[in-house]
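> For reference, the structure I am asking about is given below.
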Amino acid sequence: MNKSQCPDALTIQAVADGEENDLIITEHLQDCSKCRETYLDVQRIISVAEGLSSDARLPIGFYKVLSGRIESKPFPAFLVAAIISALAFISVYLLNPTYLEWWFSVGMTRQFGFYIDMFFDLFFLSRSINPLWVITVMTAMVVLEFLILSKLKTVEG
Amino acid sequence: MQKLLQGMVETYGDRIYRLVLRYTGDHTQAQDLTQETFLRAYKHMDSYDRSKPAGPWLFKIAGNLCRNWLRDNRELPADLNEDLYQSTDSGPEELYLEKEGARELSRVLRALPPIYREVILLKHVGELSYAEICETLDLEITLVKNRLYRGRIMLREALEKGGYY
């Protein structure tokens, strides 16, 4: 490109953005009024667009929170769902052992979808709520059930 | 690897945060998305080419998260937090006019087609160079220059229409 040749608008924009610093172009911009006008026009819209930025900064301690999340290993949701399902079976067994026998012999085929759904519901629940809370509540319920049943047995003689 | 991540947060954290804030308009959500950006970066650190600057790679992750966020939230927020506007030492009247201008600029930006908006945001909010924008968006340099130019023209025309230019 020679000094008398007008650069295109994209090149002028690149100069205004500080991406192009070819001496021939900058000299041309000083001599050519039409190109200088384009350059000043681009510069003006750049200064307006600069207003899109802000002085917002990340809060102090951001990295600390981030590294805390990196170090904490995710709780295995499948394991939680399996534990809760096992607790549910124990609970059913405590309430009525024959029901569990019936379920294994006949009910499993009829209600298989229901149990699969239940397993995945527990899986997603474990991902959204602290799984330790779910396990604790379930365990507490089974223990309570066991205590009530043994109390009833004592009363019934 | 955590040291590398810390360096990335120190170098690009604020810029990514400002970019995400432009999309969400909410500081809490912007912090969450910025955190998610760095968590993903940490998780996929193996795919990062350490011979190159991390900026484009991080902005690409942030951009994808912002696009997903926009898809779930339908559109850019109607307005941004007051404290997002750059503070100056102007008097009350000038401050009012500045804020009005900034609001109009945000409104006009929202109305831009996403392909132009994206390049303008990466340039002016993310403070990326042409080459970095190319890498972030996987585009040719001519296309980046073109989109930036056309986007700026659209921005100017829309501001002129509203009497803010």
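> What is the calculated FRET efficiency for A:I148 to B:K3, with r their C-beta to C-beta distance and R₀ = 51 Å, to the nearest 0.05? Before the final figure, lay out the partial values.
Values: r = 56 Å, r/R0 = 1.10.
Plugging the Cβ-Cβ distance into 1/(1 + (r/R0)^6) gives 0.35.
> Turning to a different aspect of this structure: Per-residue ellipticity at 222 nm for the protein assembly as shown, helices alone: DSSP H runs ≥ 4 residues times -39500 (n - 2.57), over residue total, nearest 500 deg cm²/dmol?
Numbers: 15 runs with 235 residues, N = 322.
So the calculated ellipticity at 222 nm is -24000 deg cm²/dmol.
> Further question: In the protein assembly as shown, with Lys and Arg counted as +1 and Asp and Glu as -1 at Cβ, which of these residues, B:L122, A:C35, A:M138, has the Cα nearest the positive end of the dipole, that is, farthest along it?
A:M138
> What percentages make up the Cα-Cα pair-distance distribution of chain B when the bins are 5 Å wide from 0?
For chain B, the pair-distance distribution reads 1, 8, 17, 19, 20, 16, 10, 5, 2, 1, 0.
> Now, a different point. Shielding by partners for B:138-146, please: the mean number of other protein chain Cβ atoms within 10 Å of each residue's Cβ.
Per residue, the average neighbour count from other chains is 2.
> So how do B:R71, B:R152 line up by other beta-carbon neighbours within 10 Å, fewest first? Mind showing how you got there, number by number?
On the way: B:R71 8, B:R152 24.
Ordered from fewest to most neighbouring Cβ atoms within 10 Å, B:R71, B:R152 come out as B:R71, B:R152.
> A further question on this structure: Of B:G151, B:G101, B:G63, which is the most mobile in a GNM of chain B whose springs link Cα atoms less than 10 angstrom apart?
Its mean-square fluctuation being the largest, the pick is B:G101.
> May I pose another question? What is the diffusion coefficient of the range A:9-52 in µm²/s, taking the Kirkwood radius over Cα pairs and the Stokes-Einstein relation at 4 °C with a viscosity of 1.567 mPa s? Kindly include the intermediate steps, with their values, before the conclusion.
Details: Rh = 10.5 Å.
Translational D for this selection: 123 µm²/s.
> Along the positive direction of the dipole of the protein assembly as shown (beta-carbon charges: Lys, Arg +1; Asp, Glu -1; about the Cα centre), which of A:A49, A:A9, B:C134 reaches farthest?
Positive-end residue among those listed: B:C134.
> Also, I was wondering about something else. How big is Rg to Rh over the protein assembly as shown, alpha-carbon atoms, Rh as the Kirkwood inverse-mean-distance radius? The partial results should precede the final answer.
Numbers: Rg = 29.5 Å, Rh = 24.4 Å.
Here the Rg-to-Rh quotient is 1.21.
> Multiply the residue separation of A:A77 and A:E27 by 0.36 nm, subtract the distance between their alpha-carbon atoms, and state the gained length in nm to one decimal.
Working: separation 50, 0.36 × 50 = 18.00 nm, distance 6.65 nm.
Stretched out fully, the A:A77 to A:E27 stretch lengthens by 11.3 nm.
> Taking just the alpha-carbon atoms of the range B:90-165, what radius of gyration and Dmax come out, in angstrom?
14.1, 45
> Hey, fewest Cβ within 10 Å first, where do B:H44, B:H124, B:H27 land in order?
Starting with the residue having the fewest Cβ neighbours, the order is B:H44, B:H27, B:H124.
> Given N residues in the range B:1-77, what is Rg(Cα) / (2.2 N^0.38 Å)? Spell out each step's value before the answer.
Values: Rg = 12.3 Å, N = 77, 2.2 N^0.38 = 11.5 Å.
Ratio of Cα Rg to 2.2 N^0.38 Å: 1.07.
> Okay, next question. What's the magnitude of the charge dipole for the protein assembly as shown around its Cα centre, counting Lys and Arg as +1 and Asp and Glu as -1 at the beta-carbon? Answer in Debye, nearest 20. Before the final figure, lay out the partial values.
On the way: 36 positive and 43 negative charges, 205 e Å.
It works out to roughly 980 debye.
> Too long at a 32 Å Cα-Cα cut-off: which of B:K99/B:K123; A:K64/B:K123; A:K64/B:K145; B:K52/B:K99; A:K64/B:K52? Mind showing how you got there, number by number?
Working: B:K99/B:K123 22 Å; A:K64/B:K123 29 Å; A:K64/B:K145 38 Å; B:K52/B:K99 39 Å; A:K64/B:K52 26 Å.
Over 32 Å apart, Cα to Cα: A:K64/B:K145; B:K52/B:K99.
> A follow-up question, please. Using the number of other C-beta atoms within 10 angstrom as an exposure proxy, rank B:I153, B:I120, A:I12 with the fewest first. Intermediate values should be presented prior to the final figure.
Values: B:I153 15, B:I120 21, A:I12 25.
Sorted ascending by nearby Cβ count, the order is B:I153, B:I120, A:I12.
> Pick out which of B:S51, B:S129, B:S106 has the largest mean-square fluctuation in a Gaussian network model of chain B, springs linking Cα atoms closer than 10 Å.
B:S51
> I want to verify a result. In a Gaussian network model of chain B, Cα cutoff 10 Å, which of these has the top mean-square fluctuation: B:L65, B:L19, B:L139?
Highest fluctuation of the listed residues: B:L139.
Values quoted throughout were computed directly from the atomic coordinates according to the rules given, and no laboratory measurement underlies them. Only a predicted model underlies this, so the values are computations on that prediction, with no experimental measurement involved. Because the Cβ atoms are built from the backbone with ideal geometry, glycine has one as well, and the counts that use them run over all protein chains shown.
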